[in-house]
Amino acid sequence: MQQRPRILVDADACPVKEEIYRVAYRLEVRVTVVSNSPLRVPQHPLVTRVVVGDGFDAADDWIAEHADGAAVVVTADILLADRCLKAGAAVIAPNGKPFTTSSIGNAVAVRAIMSDLRAGGDRIGGPPPFGKEDRSRFLSALDKTLMQLIRRLPR
């Protein structure tokens, strides 16, 4: 039996938690906020907080273990996105750009190259600042992805 659609949030550095709650309440979709330390979450029956502790990749491991075809995962972590896509989940970055099975290989490769450059002492810039357009793109992508899941899965 398939599960109901839900959102799994890699929450420690997620800048769009309020937007996630807003969409989840409107569509009546459960949200699990996963973090290494306690974060404030709304007191709402659709929102659950999971604190995994501070072990290396503990939040990522929890999310990857619970990701499946009924989940939308929100993360900026490319390696976690790869694991979740392999488990069948839809994955959206906080800037609204979806990770897909066709784009993740390139993203993993670029991440590895950038890591090697940083390790070699090269000073390279990080991502551009998070802005209003990113927030808007995220809201649109989350809504679209959840609507597709809701149509496909039994409620």
Taking the range 14-65 and keeping only residues that are touching a Leu at 6+ places or on another chain (Cβ under 6 Å) and either assigned to a helix (DSSP H, G or I) or polar (S, T, N, Q) (or both), one is left with 19, 23, 24, 27, 32, 60, 63
Do the conditions hold for residue 77, that is, is it out of contact with any Phe, Trp or Tyr (no Cβ under 9 Å at 6 or more places or on another chain), in contact (Cβ under 8 Å) with a residue 60 or more places away in the chain, more than 13 Å from residue 7 (Cβ to Cβ) and among the acidic types (Asp, Glu)? yes
Using beta carbons and a limit of 7 Å, which pairs, at least six apart or on different chains, have the first residue in the range 91-116 and surrounded by 12 or more Cβ atoms within 10 Å (Cβ to Cβ) and assigned to a helix (DSSP H, G or I) and the second one modelled with pLDDT of 60 or more and of a type in the set (Asp, Glu)? 104/82; 108/82
Criterion (out of contact with any strand residue (DSSP E or B) (no Cβ under 9 Å at 6 or more places or on another chain) and surrounded by 14 or more Cβ atoms within 10 Å (Cβ to Cβ)) met by exactly one of 27, 8, 46: 27
Scanning the range 11-24 for residues that are crowded, with 16+ Cβ neighbours inside 10 Å and not aliphatic (A, V, I, L, M), which turns out nearest to residue 135 (Cα to Cα)? 19
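The values are calculated or read from the model by the stated rules, or taken from the named source; none is laboratory data. Everything numeric here is computed off the predicted structure, so don't read it as measured data. Positions of Cβ are backbone-derived with ideal geometry, glycine not excepted, and every protein chain shown enters the neighbour counts.
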